[in-house]
Every structure is written in structure tokens, then in C-alpha cells.
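The values are calculated or read from the model by the stated rules, or taken from the named source; none is laboratory data. Please read all numbers here as calculations on a predicted model, not as lab measurements. Cβ sites come from the backbone with ideal geometry, for glycine too, and all protein chains shown count toward neighbours.
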Amino acid sequence: MEREVITLLSSREVEKMRQAGHLAAKLLHHLSTMVQPGVSTLDLDNEAERWTQAHGAKSAPLGYKGYPKSICTSINEVVCHGIPSAKEVLKDGDIINIDVTLIVEGYHGDTSKTFFVGEPSPIAKALVEVTEECRRRGIAAVKPNAKIGDIGAAIQEYAESQGFSVVRDFVGHGISNVFHTAPQIPHYGKAGTGRRLRPGMVFTIEPMINIGTYEVEVLGDKWTAVT
């Protein structure tokens with residue numbers, strides 16, 4: 001089996017990635033101020049597109065493989081790739097993940113975060129806290145000469161120790177002036193396995209953690225993945 005070619009970025013390219021990531025984080029923070037009962041996910045998407053254009057950037061998801069909106073908004077049982085809609089209105093107790101990717105001077109900044117709408121249930125609060133800790137542990141495993149499997153192992157070990165499961169169908173990915181590229185970064189796995197990490201590799205770590213089984217299904221819109 002032929003190994004994926006992993007592109008190593010130069011220090012100049014890494015700096016471009018930092019700039020794109022910084023702007024994406026600013027957009028995510030801006031949208032977080034709108035997360036409250038009565039706001040529709042289409043409201044969030046419209047504001048994201050307005051803000052993105054005002055800052056001289058472009059939305060990477062918009063039109064990507066036919067995706068119709070500028071951001072992904074995934075509420076409650078939606079794991080990822082929820083499509084913003086005027087019919088989808090936030091209510092107290094919801095949790096919503098907002099996923100944004102901007103193109104800034106040709107390079108991609110990809111980030112997401114899950115927010116509480118009002119007061120979450122204890123299990124929803126625990127889910128979000130465990131997922132954030134999984135992300136921290138995955139990032140902590142990243143260093144030169146570590147293996148890709150070290151990242152997934154750190155995430156899986158913690159998630160399962162807390163009684164949660166790790167989604168298998170969606171993984172982290174390489175990113176640069178291309179939205180999705182090698183390597184794939186599973187959020188589960190065995191330490192000491194997989195490709196060796198090298199300086200210049202840039203990729204996302206975006207664990208998706210479930211309360212029940214790790215299995216998901218994609219709805220008829222061919223995007224929205226649910227538990």
C-alpha cells in the first residue's frame with residue numbers, strides 16, 4: 001500500500017497558518033457572543049459570512065464539495081457538519097458546536113468549539129469538559145519523533161476512562177493551502193504506531209466524543225452526522 005505524501009511547511013508557511021488560525025479564532029469568539037436562546041443557526045452563519053468578508057478572508061466550507069453554508073453548526077446529537085438553517089433555533093439547555101475555517105492569503109485556519117446555551121444538563125456539561133480535556137491531551141502528545149498513534153491513544157484512553165466513546169468515522173487531517181490533506185489523525189489508536197511526526201507537519205486535532213456508542217450516521221442531506 002502506497003504511503004500518503006505528507007507536505008512539510010516552511011517557517012514562512014507556518015507563519016501564514018498562524019495568521020489564518022488567529023483570524024478564525026477571532027471569528028469563533030465573535031460568534032460565541034451570539035449564542036443564546038432564540039438565535040437561529042442561520043443567524044450565526046449570516047454573521048459569520050459578513051464578518052469574514054469584512055476582514056478580507058474567505059469561508060473554506062462555502063461551496064466545498066457542494067456544502068451550502070459558511071460554517072457548520074452542530075446541536076446536541078449532531079456530531080459534526082450540521083448545516084445552518086432558519087428553522088434551527090437555539091433553546092435553553094442546548095449545546096452547539098460551531099466549526100469555522102477561513103482562507104487567509106491562501107492558507108486555512110480551522111477551529112471549532114462547543115458552547116452551552118443557557119444552563120446545560122450535567123451529562124452535557126461532562127461531555128464537553130471531557131472532550132476539551134481529550135483535545136488538550138491529544139495536543140500534548142504532539143512533538144518531534146512522536147507517532148500519530150500517540151495522539152489517538154491519549155485521547156481514547158482518557159475518553160473511555162470517563163465512560164465516553166470516540167467517534168471513528170471522522171478524524172483530524174493535514175491542512176495548509178489545501179483544506180484537507182495528509183496525514184489523517186485518528187482520535188483513537190495505539191501508542192507507538194503510525195507515521196512519525198516531523199517539524200513542518202501541520203494538522204488538526206478535533207476529537208468527537210459521544211455519550212453512548214461511537215457509531216454515527218449521516219442524514220439524507222449527505223452532510224449532517226448524528227449519533
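If you go through the stretch 1-33 and keep only what is among the polar types (S, T, N, Q) and closer than 16 Å to Leu44 by Cβ, you end up with Ser32, Thr33. Residues in the stretch 203-227 that are under 23 Å from Ile175 (Cα atoms) and among the acidic types (Asp, Glu): Glu206 only. Within the stretch 193-227, the residues that satisfy the criterion of being of a type outside the set (A, V, I, L, M), farther than 17 Å from Tyr67 by Cβ and free of Cβ contacts under 8 Å to residues at least 60 places away in the same chain are Thr193, Gly194, Arg196, Phe203, Gly212, Thr213, Tyr214, Glu215, Glu217. Return yes when Leu27 is under 23 Å from Asn177 (Cα atoms), touching a helix residue (DSSP H, G or I) at 6+ places or on another chain (Cβ under 9 Å) and outside any helix (DSSP H, G or I) and no when it is not. No; evaluated as a whole, the condition is false for this residue. One residue stands out among those in the stretch 201-223 that are surrounded by 14 or more Cβ atoms within 10 Å (Cβ to Cβ) and more than 14 Å from Val167 (Cα to Cα): the one that is modelled with the lowest pLDDT, which is Trp223. Select from the stretch 211-227 the residues that are outside any loop (DSSP other than H, G, I, E, B) and in contact with a Leu (Cβ under 8 Å, 6 or more places away or on another chain) and write down the one among them that is nearest to Ala25 (Cα to Cα). That would be Ala225. Restricted to the stretch 34-52, and to residues there that are β-branched (Val, Ile, Thr) and within 19 Å of the chain's Cα centre (by Cα), the residue that is nearest to Ile83 (Cα to Cα) is Thr41.
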